Amino acid sequence: MTDKSASFIYVTFIRTTPHKVFDAITTPDITRRYWGHENVSVDWQPGSAWQHVRANDARTVELVGTVLESDPPRRLVINWANESQQSDPDQYSRVTFDIEQQNDLVKLTVTHDELQPGSGMLVGISKGWPHVLSSLKSYLETGDGLGL
């Protein structure tokens, strides 16, 4: 059995609403503006597939997965794997977006777990999530992402 004990947690506070955060994670036109990718699903309901698609002319699918939980605008849980590794169940990890209103701020906690210690995925997301989530915060507060 594969060791999937590693995890990564990132917490940020954003001056916005829970609905806007949830929409920013699940709406392709918005994710493109701060992430350079589109998160695409038919309905973001449990059991539905989702894809992480590079927002360029090639429209390359980079990540794939399934929606595990969806409770808009409070929580979204998905699994994901590199598109090239989607047939291997051991390559999937889980991402949980917890969205909480706290006075005039939203606390966004992203927990990426079920990762293999030392894996390329763990290394990549440890560098990637802080940049993506900082860009999300910037986009929601100013209208401009960080240009990923």
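Just so you know, all these numbers are worked out from the coordinates, no wet-lab data involved. A quick note: this is a predicted structure, and the numbers were derived from the prediction, not measured. Neighbour counts are summed over all protein chains in view; Cβ atoms, including those assigned to glycine, are modelled from backbone coordinates with ideal geometry.
For the pair region 23-98 / region 113-148, the C-alpha centres are spaced 14 Å from each other. Using only side-chain charges placed at the Cβ, +1 for Lys and Arg and -1 for Asp and Glu, the dipole size of region 52-148 relative to its Cα centre rounds to 140 debye.
Once the mean of 1/r is taken over each pair of separate Cα atoms and inverted, region 6-142 shows a Kirkwood hydrodynamic radius of 15.1 Å. Remark: region 57-107 carries a charge dipole of roughly 120 debye about the Cα centre, counting +1 on each Lys and Arg Cβ and -1 on each Asp and Glu Cβ.
Once amide H atoms are placed 1.01 Å from N in the peptide plane, what residues at a sequence separation of 5 or more from Thr16, or on another chain, have their amide H within under 5 Å of its amide H? Placed amide hydrogens put Val106 under 5 Å from Thr16. For the chain, the longest principal axis of the C-alpha atoms and the axis of helix 120-142 are separated by about 10°. Between Val53, Val95, Val123, the Gaussian network model of the chain with springs among Cα atoms under 10 angstrom shows the greatest mean-square fluctuation at Val123.
Order by neighbour count: Lys20, Lys127, fewest other Cβ atoms within 10 Å first, most last.
Arranged by neighbour count, lowest to highest, Lys20, Lys127 become Lys127, Lys20.
Among Ile9, Ile25, Ile30, sorting on how many other beta-carbon atoms sit within 10 Å of each Cβ, with the fewest leading, yields Ile9, Ile30, Ile25. Quick check: from the Cα gyration tensor, does region 17-73 come out rounded (a/c under 1.5), prolate or oblate? Because a/c hits 1.5 or more and a/b fails to exceed b/c, region 17-73 counts as oblate.
If each DSSP helix of 4+ residues adds -39,500 (n - 2.57) and the sum is divided by the residues in the chain, what number results at 222 nm, nearest 500 deg cm²/dmol? Helices in the chain give a 222 nm mean residue ellipticity of -8500 deg cm²/dmol.
3J(HN,Hα) along region 100-110, derived from phi through the Karplus expression 6.51 cos²θ - 1.76 cosθ + 1.60 where θ = phi - 60°, amounts to 10, 6, 9, 6, 9, 10, 10, 8, 10, 10, 10 Hz, with x in place of Gly and Pro. Lysine pair count for the chain (Cα-Cα distance under 19 Å; residues 8 or more apart in sequence or on different chains): 5.
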